[in-house]
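Asks: This is the structure, below, for whatever I ask next.
The values are calculated or read from the model by the stated rules, or taken from the named source; none is laboratory data. This one's a predicted model, so the numbers in the text were calculated from it and none came from an experiment. Here the Cβ positions follow ideal geometry from the backbone for every residue, glycine too, while neighbour counts run over all protein chains shown. Each accessible area value is taken on the protein alone, full model and side chains, heavy atoms only, with ligands, DNA and RNA left out. Shrake-Rupley method; radii C 1.70, N 1.55, O 1.52, S 1.80 Å.
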Amino acid sequence: MSQKNDEGKRSARAKMLEERAKQEAKARKKRQYGIIGAVLAVIVVLVAIGIVIQNGRSSSYNASSQAPGGTIGNTRLVVPVGATDAPSTVTVYEDPRCPACEQFETGMKQTMNKLLAEGKIQVQYHVVSFIDTHDNGSGSKNAANALGCAQNAGKFHDYHDVLYANQPDETNDAWADKTILISLAKQVPGLDSPSFESCVNGNAYGSWVTAVETDFNKSGYTSTPTVLLNGTPAYPSYKNQQISPAAFTTWVDAANKGKPLGTLPAASAQALASPTAHNNPAAPSPSGS
C-alpha cells in the first residue's frame, strides 16, 4: 500500500512538473512574441518618421535661396511686371500649357501692355503647373521652371509672351523636351545663354515651381486663368460685365480714378508701348481650363 502511494505521489509530481514546464514554455513564447512585436512597432515608427523627413526634405522650399531674383511676396512666389507704385494690381494664375490662358494672353496682350506702359497696373503672375498632374506630363513644370530662369535673367515678360505664342496643343506634352524651351529663348534678345540653358536643364527652380503650385492648391481657385483686378475676379467677367479689351481698360480707369499713376523706367515703358508688343488684339475667349 505504501509502495502504491509512493508511486502515485511520484506520478502526480511528474505531471505537475510537466504542466509547469508547459506553462513556462508558453510564458517564454508570449514574452518573445511581445518583444518581437515591440521591435516591429519601433521599426514601423522609425520608417514612418524617415518617410516624413524625406518627404519634407524633397518638398522643402527656401525662399531666400530657391526663388528667382525679383520675385515678391513673403515666400517670393509671385513674379511682378510693371511699376511697383501702380495704383491697380492685376493678379494672374496661369499654367503655361493651359489653352484658355493662351486665349486670354493673346486677346489681352495689347491692352495689358498699354496699361503697364502707362503705369496704370502692375501684373502679378503666379506660374502654376497643375496640367502635368492631370495629363501625366512634365511640360508645365519644365516651362514654369524656364520662366523662373527667365525671371532671374530679367526677361520673364518677353519669354512669357514667347511661350504663349508657341504653346503646343494641351494634349501634346512637347515641353517635356527641355531643348524646345531653350530654343524658344532665342526669340528673346539677351536670354539665350549658357547660364539659361544650364538653369533649364538643371531644373534650378524646381522647388519654387512646386511651392507655387502648392500655394495655388491652397488658394481656393480651381482653374486657369484666374484673373483678379485689385482682388476681385475679372475673368471671364468683372462685376457681371463680360471681359473685353475695352471693358478691362474701363474697369482699370474706374479703379484708378483720382490716384497717381505708377512710374516705369523709360526704356521699359517704351518697350511695352512698341508695336512689337502690341499683337493679336482679339478679345479673349471666356473658356477656362
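Asks: Look at segment 84-111 and say how many of its residues are touching a strand residue (DSSP E or B) at 6+ places or on another chain (Cβ under 6 Å) and either in a loop (DSSP other than H, G, I, E, B) or among the basic types (Lys, Arg) (or both).
Replies: Residues meeting the conditions: 1.
Asks: Continuing with the same structure: Considering only residues of segment 212-233 that are in contact (Cβ under 8 Å) with a residue 24 or more places away in the chain and part of a strand (DSSP E or B), which is farthest from the chain's Cα centre (by Cα)?
Replies: LEU229
Asks: Could you check segment 117-127 and list, in sequence order, the residues that are part of a loop (DSSP other than H, G, I, E, B) and at negative phi?
Replies: Scanning segment 117-127 gives GLU118, LYS120.
Asks: Name the residues in segment 234-272 that are open to solvent by less than 50 Å² (accessible area, probe 1.4 Å), over 18 Å from GLN110 (Cβ atoms) and either basic (Lys, Arg) or not in a loop (DSSP other than H, G, I, E, B) (or both), would you?
Replies: Answer for segment 234-272, where residues must be open to solvent by less than 50 Å² (accessible area, probe 1.4 Å), over 18 Å from GLN110 (Cβ atoms) and either basic (Lys, Arg) or not in a loop (DSSP other than H, G, I, E, B) (or both): SER237, TYR238, ALA255, ASN256.
Asks: Can you name the residue in segment 215-233 that is among the β-branched types (Val, Ile, Thr) and within 19 Å of GLU102 (Cα to Cα) and, of all such residues, is surrounded by the fewest Cβ atoms within 10 Å (Cβ to Cβ)?
Replies: THR222
Asks: Does ASN279 satisfy the condition of being at pLDDT 95 or above, open to solvent by 60 Å² or more (accessible area, probe 1.4 Å) and not hydroxyl-bearing (Ser, Thr, Tyr)?
Replies: So ASN279 does not fit the description; no.
Asks: Within segment 128-151, how many residues are open to solvent by 10 Å² or more (accessible area, probe 1.4 Å) and either assigned to a strand (DSSP E or B) or touching a helix residue (DSSP H, G or I) at 6+ places or on another chain (Cβ under 7 Å) (or both)?
Replies: Total satisfying the criteria: 5.
Asks: Do you know which of the residues in segment 161-176 that are within 22 Å of GLY107 (Cα to Cα) and aliphatic (A, V, I, L, M) is surrounded by the fewest Cβ atoms within 10 Å (Cβ to Cβ)?
Replies: Only one residue fits best here, namely ALA165.
Asks: Moving on to the next point. When you look at THR91, is it polar (S, T, N, Q) and surrounded by fewer than 18 Cβ atoms within 10 Å (Cβ to Cβ), yes or no?
Replies: no
Asks: Of all residues in segment 196-211, which are free of Cβ contacts under 8 Å to residues at least 12 places away in the same chain and open to solvent by less than 70 Å² (accessible area, probe 1.4 Å)?
Replies: GLY202
Asks: Hey, another quick one. Determine the pairs where a residue that is in contact (Cβ under 8 Å) with a residue 12 or more places away in the chain, located within segment 110-125, has a partner that is of a type in the set (Phe, Trp, Tyr) and buried (at least 22 other Cβ atoms within 10 Å of the Cβ) with Cβ atoms under 9 Å apart, the partner being 6 or more residues away or on another chain.
Replies: Once the first residue is in contact (Cβ under 8 Å) with a residue 12 or more places away in the chain and sits in segment 110-125, its partners that are of a type in the set (Phe, Trp, Tyr) and buried (at least 22 other Cβ atoms within 10 Å of the Cβ) give THR111/PHE248; MET112/PHE248; LEU115/PHE248; TYR125/TYR93; TYR125/PHE156.
Asks: Could I ask something else about it? Within segment 177-195, can one find any residue that is within 13 Å of PRO96 (Cα to Cα), in a helix (DSSP H, G or I) and open to solvent by less than 60 Å² (accessible area, probe 1.4 Å)?
Replies: Checking segment 177-195: at least one residue is within 13 Å of PRO96 (Cα to Cα), in a helix (DSSP H, G or I) and open to solvent by less than 60 Å² (accessible area, probe 1.4 Å).
Asks: Of a type in the set (D, E, K, R) and closer than 23 Å to TRP208 by Cα, is that true of ASP85?
Replies: No, not satisfied.
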